Amino acid sequence: GSLGGLRGTDGEMEANHDKRKRYDRQLRMWGEQGQEALERCKLCLVNGSATGTETLKNLVLPGIGSFTVVDDAVVTTRDLGNNFFVEEAHLGRPRAECVTALLQELNEHVRGSFVCDSITSLLESDPSFLHEFTIVVATQLPQHTLRKLALACSEQSLPLVVLRSYGLVGLVRIAAGEHVVTEDHADNAPSDLRVAAPFPELLAYAATHFADPESMSIVERKHIPYAVLLLIVLKQYKDAHGGALPTTYKEKQEIKALLTSLSERWFGVEGAMDAINFDEAKLAVNTAVAPPSLPSSTREVLAEAEKRIQGFKPPNDGSASPTHADKQTNRPFWILAAALSRFVAKEGGAHLPVIGTLPDMTADTASYVKLSAIYRERAIKDAAKVHAHVQAILVSLGHPESYISLEQTRAFCKNAHGAQWVRFRSIEEECTPEAAQVKELAAMLDDGSQAPAAGFYLLLRAADAFYSQYNRWPGGMDNDIESDVPVLKQCVTQLVSELKAHSGAPLVVSDELVFEICRYGAAELHSVASIVGGVGAQEVIKLLTGQFVPLNNTFIYNGLDGTSVSAEL
């Protein structure tokens, strides 16, 4: 029995090693927590079109948990021309079945299934069909079908990613109700040296190890960590300015002047030229010496958090970990945010917990290791204080203490600067003239670089109206192109007048673009589908992992000139 247990443990270790090896590069990007979120995902793809399969390909390869393709179409010759996940032998067979089989070959660890039915009839016959899924990706749907699906997703708090390839135009639209970001992976990581508001351990370290820099050798002075140099000159500045910190550009220049003066006094003018630690200190002045402040996005999260947890009802089952329903309402996030808010108001003194990572800097090894340990230990202490608030909130809500672990709290604290709360407009709001973002569209049409994308967006809406009226797409047959242009123009005029009636903003779409849309005949080109599928899969990963900031809410690709535009519509 014990040997069996050991073998099981070895097997688990081997499986974990294989997984790390298989997904090595992406683990470096979104970590084990992000990968686990992907593997928990149950994705519903509506339509196994070229756009749908390109999207799913980019999600099966990194290892989502499972997918279900919902599609009532059969494979046609058109599919053979644009979809790499069907073969000639599949002609006339259910497209959902064929693409599922070939997509599964990409990754044996992902489960695939299919339903040969339309999403409309599925929702009518089984309104609970979507309950089991984590996210829905809908491709190539006309507007009336999309609105029904979007409403069903909204009622179940299911994020919906809408994708469309139409000739040389691509569109990605996210309708996820609300979404929370725990880690934004910002290009510029926040500086968190705390030299403007030093904590006691940092001050004690500087006072103990660098109490008398004048008595140190030149080599030792050139290896004083720049965080300590900033503490030294900031003390001089505050002594001369009644304890005030520099805030303006001119005041920060004074700090740089103090650094220059100190380096020249210690090393002479020529010697100061190769004092790299002083150069590093000057580079850090703009971000490090200003009074610490909360990013506006984090402030917004903290302001909302307490209200959120007040509205939470006690759990029915006392689950030891968050349920699927809890995750849909972002319950763990708001509990962590409320605990963070209490820490900021009390122990943090209006500051976030220390991040705990020290940037690379010129210093001797012993000093750098010691300074790193000080920041790391302070971060651990701060996270423990936040976790005490977490525990108190969990008790008040009737959750067990294991519901949120200390590791989760530490991760949340480390990334608190990047916490964001994103609200998406619904598809229904977008399609309702009274609620549409008409002024945003008018501004885009006035902007030379964005006008074609905005024009194509309106024309896709007009093409939907055309389809709704005639049950075919404009220009679907070659001999229809010329005759369909004036009919599509009428649809554009009707749409624009409806939108204009509620805002007064002028919306003008060029005749050239009207002709282009008719020329496309709703063709789904593989090259456009692959771009839309790439962007769509990227956004799905953002929504699943809670990492990186998703686009809000529409991405329009213009294949005529290879440009793209993002807008909130």
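Can you name every residue in the range 201-224 that is within 22 Å of Arg378 (Cα to Cα) and either out of contact with any Lys or Arg (no Cβ under 9 Å at 6 or more places or on another chain) or of a type in the set (Asp, Glu) (or both)?
Glu201, Leu203, Ala204, Ala206, Ala207, Thr208, Phe210, Ala211, Ile224
What do you reckon, is Ile276 within 38 Å of the chain's Cα centre (by Cα), open to solvent by 70 Å² or more (accessible area, probe 1.4 Å) and β-branched (Val, Ile, Thr)?
yes
Check the range 339-346 and report whether any residue there is at pLDDT below 90 and either surrounded by 13 or more Cβ atoms within 10 Å (Cβ to Cβ) or farther than 30 Å from Leu543 by Cα (or both).
So far as the range 339-346 goes, no, none of its residues is at pLDDT below 90 and either surrounded by 13 or more Cβ atoms within 10 Å (Cβ to Cβ) or farther than 30 Å from Leu543 by Cα (or both).
Among the residues of the range 449-469, are any in contact with an Asp or Glu (Cβ under 8 Å, 6 or more places away or on another chain) and assigned to a loop (DSSP other than H, G, I, E, B)?
No, because not a single residue in the range 449-469 is in contact with an Asp or Glu (Cβ under 8 Å, 6 or more places away or on another chain) and assigned to a loop (DSSP other than H, G, I, E, B).
Could you say which residue among Glu108, Glu36 is over 24 Å from Leu160 (Cα atoms) and modelled with pLDDT under 95?
Glu108
Mind listing whichever residues of the range 150-162 are in contact with a Lys or Arg (Cβ under 9 Å, 6 or more places away or on another chain) and within 19 Å of Thr545 (Cβ to Cβ)?
Taking the range 150-162 and keeping what is in contact with a Lys or Arg (Cβ under 9 Å, 6 or more places away or on another chain), we get 160-162.
Of everything in the range 150-162, those that are in contact with a Lys or Arg (Cβ under 9 Å, 6 or more places away or on another chain) and within 19 Å of Thr545 (Cβ to Cβ) turn out to be Leu160, Val161.
Filter the range 347-367 down to the residues that are surrounded by 17 or more Cβ atoms within 10 Å (Cβ to Cβ) and assigned to a helix (DSSP H, G or I) and list them by number.
Listed by number, the list holds a single entry, Ser367.
Every residue in the range 403-432 that is touching a residue at least 40 places away in the same chain (Cβ under 8 Å) and assigned to a loop (DSSP other than H, G, I, E, B), please.
Ile404, Asn415, Ala419, Phe424, Arg425, Ser426
Given (1) in a loop (DSSP other than H, G, I, E, B); (2) open to solvent by 20 Å² or more (accessible area, probe 1.4 Å); (3) more than 27 Å from Val180 (Cα to Cα), identify the lone condition not met by Ala435.
Just one mismatch for Ala435, condition (3).
Search the range 358-386 for residues that are more than 30 Å from Ile218 (Cα to Cα) and pair each with any residue that is surrounded by 15 or more Cβ atoms within 10 Å (Cβ to Cβ) and among the β-branched types (Val, Ile, Thr) when their beta-carbon atoms are under 8 Å apart and the residues are at least 6 apart or on different chains.
From residues that are more than 30 Å from Ile218 (Cα to Cα), the pairs are Arg378/Val354; Ala379/Val354; Ala379/Ile355; Asp382/Val354; Ala383/Thr409; Val386/Thr409.
All but one of (1) within 36 Å of the chain's Cα centre (by Cα); (2) open to solvent by 30 Å² or more (accessible area, probe 1.4 Å) hold for Asp464; which doesn't?
Evaluating Asp464 over (1) within 36 Å of the chain's Cα centre (by Cα); (2) open to solvent by 30 Å² or more (accessible area, probe 1.4 Å) leaves (2) as the failure.
With the condition kept exactly as written, say whether any residue in the range 130-137 is open to solvent by less than 60 Å² (accessible area, probe 1.4 Å), in contact with a Lys or Arg (Cβ under 6 Å, 6 or more places away or on another chain) and over 30 Å from Tyr470 (Cβ atoms). Break it down into steps so the answer makes sense when it comes.
Narrowing the range 130-137 to residues open to solvent by less than 60 Å² (accessible area, probe 1.4 Å): 130, 133-137.
Subset that is in contact with a Lys or Arg (Cβ under 6 Å, 6 or more places away or on another chain): 133-134.
Subset that is over 30 Å from Tyr470 (Cβ atoms): 133-134.
Within the range 130-137, one or more residues are open to solvent by less than 60 Å² (accessible area, probe 1.4 Å), in contact with a Lys or Arg (Cβ under 6 Å, 6 or more places away or on another chain) and over 30 Å from Tyr470 (Cβ atoms).
Return the residue satisfying two criteria in turn: it lies in the range 64-86 and is under 13 Å from Leu103 (Cβ atoms) and either part of a helix (DSSP H, G or I) or of a type outside the set (A, V, I, L, M, F, W, C) (or both), and of such residues it is nearest to the chain's Cα centre (by Cα).
At the first step, the residues of the range 64-86 found to be under 13 Å from Leu103 (Cβ atoms) are 64, 66-69, 71, 83-86.
Now drop any that are not either part of a helix (DSSP H, G or I) or of a type outside the set (A, V, I, L, M, F, W, C) (or both), which leaves 66, 68, 71, 83.
Numbers: Ser66: 21, Thr68: 24, Asp71: 29, Asn83: 28 Å.
Among them, the one singled out is Ser66.
Condition first: open to solvent by less than 50 Å² (accessible area, probe 1.4 Å) and either within 14 Å of Leu202 (Cα to Cα) or assigned to a loop (DSSP other than H, G, I, E, B) (or both). Now tell me which residues in the range 221-233 satisfy that. If you could, list the steps in order and put the result at the bottom.
Initial filter on the range 221-233 (open to solvent by less than 50 Å² (accessible area, probe 1.4 Å)): 221-222, 224-233.
Within the range 221-233, Lys222, Ile224, Pro225, Tyr226, Ala227, Val228, Leu229, Leu230, Leu231, Ile232 qualify.
If I filter the range 274-293 down to residues being modelled with pLDDT of 90 or more and among the aliphatic types (A, V, I, L, M), which single residue comes out as nearest to Ala240 (Cα to Cα)?
Out of the qualifying residues, it is Val285.
Look at Ser372 and say whether it is polar (S, T, N, Q), under 26 Å from Val233 (Cβ atoms) and either at pLDDT 95 or above or touching a Ser or Thr at 6+ places or on another chain (Cβ under 9 Å) (or both).
Yes.
Which members of the range 506-545 meet the condition of being open to solvent by 10 Å² or more (accessible area, probe 1.4 Å), touching a helix residue (DSSP H, G or I) at 6+ places or on another chain (Cβ under 7 Å) and of a type outside the set (A, V, I, L, M)?
Those that are open to solvent by 10 Å² or more (accessible area, probe 1.4 Å), touching a helix residue (DSSP H, G or I) at 6+ places or on another chain (Cβ under 7 Å) and of a type outside the set (A, V, I, L, M): Pro506, Ser510, Phe515, Arg519, Glu524, His526, Ser530, Gly534, Thr545.
So, of the residues in the range 44-69 that are aliphatic (A, V, I, L, M) and surrounded by fewer than 24 Cβ atoms within 10 Å (Cβ to Cβ), which turns out to be farthest from Gln143 (Cα to Cα)?
Of the residues in the range 44-69, the ones aliphatic (A, V, I, L, M) are 45-46, 50, 56, 59-61, 64, 69.
With the extra rule that they be surrounded by fewer than 24 Cβ atoms within 10 Å (Cβ to Cβ), the set shrinks to 60-61.
Details: Val60: 28, Leu61: 30 Å.
Looking at residues that are aliphatic (A, V, I, L, M) and surrounded by fewer than 24 Cβ atoms within 10 Å (Cβ to Cβ), I get Leu61.
State whether the residues of the range 149-159 include one that is under 18 Å from the mean Cα position of the chain (by Cα), surrounded by fewer than 18 Cβ atoms within 10 Å (Cβ to Cβ) and among the hydroxyl-bearing types (Ser, Thr, Tyr).
yes
Assess whether Pro314 counts as being part of a loop (DSSP other than H, G, I, E, B) and surrounded by 12 or more Cβ atoms within 10 Å (Cβ to Cβ). Write out each step before concluding.
Values: part of a loop (DSSP other than H, G, I, E, B): yes; surrounded by 12 or more Cβ atoms within 10 Å (Cβ to Cβ): no.
For Pro314, the condition - part of a loop (DSSP other than H, G, I, E, B) and surrounded by 12 or more Cβ atoms within 10 Å (Cβ to Cβ) - is not met.
The values are calculated or read from the model by the stated rules, or taken from the named source; none is laboratory data. Owing to the predicted nature of the structure, the values given are computational and were not obtained by experimental measurement. Neighbour counts run over all protein chains shown; Cβ positions are idealised from the backbone, glycine included. Keep in mind that these areas ignore ligands, DNA and RNA; they rest on the heavy atoms of the full protein, side chains included. Shrake-Rupley method; radii C 1.70, N 1.55, O 1.52, S 1.80 Å.
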